[in-house]
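Rule-based calculations on the coordinates, nothing more; no lab input. Predicted model, so just to flag it, every value in this text is computed and none were measured. Don't worry about glycine lacking a Cβ; one is built from the backbone with ideal geometry, like all the others, and counts go over all protein chains shown.
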Amino acid sequence: MLVYYAFGTLAYAAYLWGRFGVLKPSFRLPKLSLGPALAVLRVGGMSAVVSASTNLTLAIVTVYVGMGGVEALAGYGAGSRLEFLLVPLAYGVGGPVGIVIGANLGAGQTERAVKASWIGVLMACTLTESIGLAAAAFPQQWIGIFSQDPSVLRLGAEYLHRVGPFFGFFGLGYVLYCVGQGTGRMGASVLAGLVRAAIAVLGGLLVVWLKADVTWNFVAVALGMVAFGLFALPPLISRSGFE
C-alpha cells in the first residue's frame, strides 16, 4: 500500500509540474497564509466528519453484534462488506456530480448545477437500491462467498433482508454529501451522518440493554440509513447554496 501511494504521488507530481494540465504551479513554495487553509477545511473538515461517522458506525455496530457470538459477527461482517462497497460506487457518481456543480455555479449556470444534482441523486439511488434489493432477494449468493456455515448464512441473510431494501437511502445520502461539497454547504450532510450514527449506536445499546435478539441491531442500522438520506435532502429541495 505504501509503495502504491508513493508511486501515485509521484505520478500526480509529474503531471502537475510537468505542465500537462491547466495549472502551471511554480517550483518555488508560495507564501503560506491561513485563509486558503480555512477555506479548504470549511468543506474538507466537515467532509471528514461524515466519513468518520460512517466508519465509526460500522465499528460500533460490529461490537454490538459480536456480543451475539462468532457466527453472528461473521454473518454481519459478510453482509456489511456489501454495504461498505457502496461507498466507492456512490462516490463514483457523487464525486463527478460535485465537480460539475462547482464548475456550473462558478460559471453562473445555477439551473444546470441543480439539474446535475438531481440526476446524480437518481443515478446513485437507482444503483444502490438495485444492489440492495438483489441482495435482499438472494442473500445466500453474497454471504456464501465468505462462509457455508448455516448460522453465518442465516444471520448474514437476516442482515441483508432487513438492511438491503434501504441501501438506496445510503446512496442518496452519499451523493447529497458530494452535492454539499460542490455548493460548500456541508451542514445538512454532517447532521445526517451524526443522526445515522446516533440511531445505530443508541439503538444497538438498547438492544444490548433489553437483551433482545442480535438481529434487532440490523433494524437500527436500516433506520440510520433512512435518516442519512432524508436529513441531507432538504438543502437540495430548497436549493440552498445554489442561489
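Quick notes on this structure:
- The angle between the Cα long axis of helix 70-106 and the main principal axis of the chain comes to about 20°, on a 0 to 90 degree scale.
- Cα-only Debye scattering, the chain: base-10 log of I(q)/I(0) at q = 0.08, 0.14, 0.16, 0.17 Å⁻¹: -0.38, -0.96, -1.13, -1.20
- With the helix formula -39500 (n - 2.57) applied to DSSP H stretches of n ≥ 4, the chain reaches a computed 222 nm mean residue ellipticity of -27500 deg cm²/dmol.
- Highest-MSF residue in the chain out of Leu58, Leu210, Leu172 [GNM, Cα springs under 10 Å]: Leu210
- Positive end of the dipole of the chain (Cβ unit charges, origin at the Cα centre): among Ser26, Gly98, Leu236, the Cα lying farthest that way belongs to Ser26.
- Per-residue HN-Hα couplings for the stretch 51-57 [Karplus 6.51, -1.76, 1.60; θ = phi - 60°; Hz; x = Gly/Pro]: 4, 5, 5, 5, 5, 5, 4
- Taking N as the residue count of the stretch 1-103, its C-alpha radius of gyration divided by 2.2 N^0.38 Å amounts to 1.55.
- Here the 3J(HN,Hα) profile of the stretch 31-39, calculated from phi with Karplus coefficients 6.51, -1.76 and 1.60 at θ = phi - 60°, is 5, 7, 9, 6, x, x, 5, 5, 5 Hz, Gly and Pro shown as x.
- 10 Å Cβ shell holding at most 14 others, DSSP loop, chymotrypsin sites (Phe, Trp or Tyr not before Pro): longest site-free stretch of the chain: 28-243
- In the frame of its principal axes, the stretch 96-228 has Cα extents of 57, 33, 18 Å, reported largest first.
- Given charges at beta-carbon only (K, R positive; D, E negative), |dipole| of the stretch 102-241 in Debye: 340 debye
- The HN-Hα couplings worked out from phi for the stretch 168-177 by the Karplus form 6.51 cos²θ - 1.76 cosθ + 1.60 (θ = phi - 60°) are x, 5, 5, x, 4, x, 6, 5, 5, 4 Hz, whole numbers, x standing for Gly and Pro.
- Exposed loop sites are taken as trypsin sites (Lys or Arg not before Pro) in a DSSP loop (any state but H, G, I, E or B) with at most 10 other beta carbon atoms within 10 Å; the longest stretch of the chain without one runs 32-210.
- Rounded to the nearest 20, the Cβ-based charge dipole of the stretch 1-104 about its Cα centre (Lys and Arg +1, Asp and Glu -1) stands at 700 debye.
- Given +1 at the Cβ of Lys and Arg, -1 at the Cβ of Asp and Glu and no other charges, the dipole of the chain around its Cα centre is 960 debye to the nearest 20.
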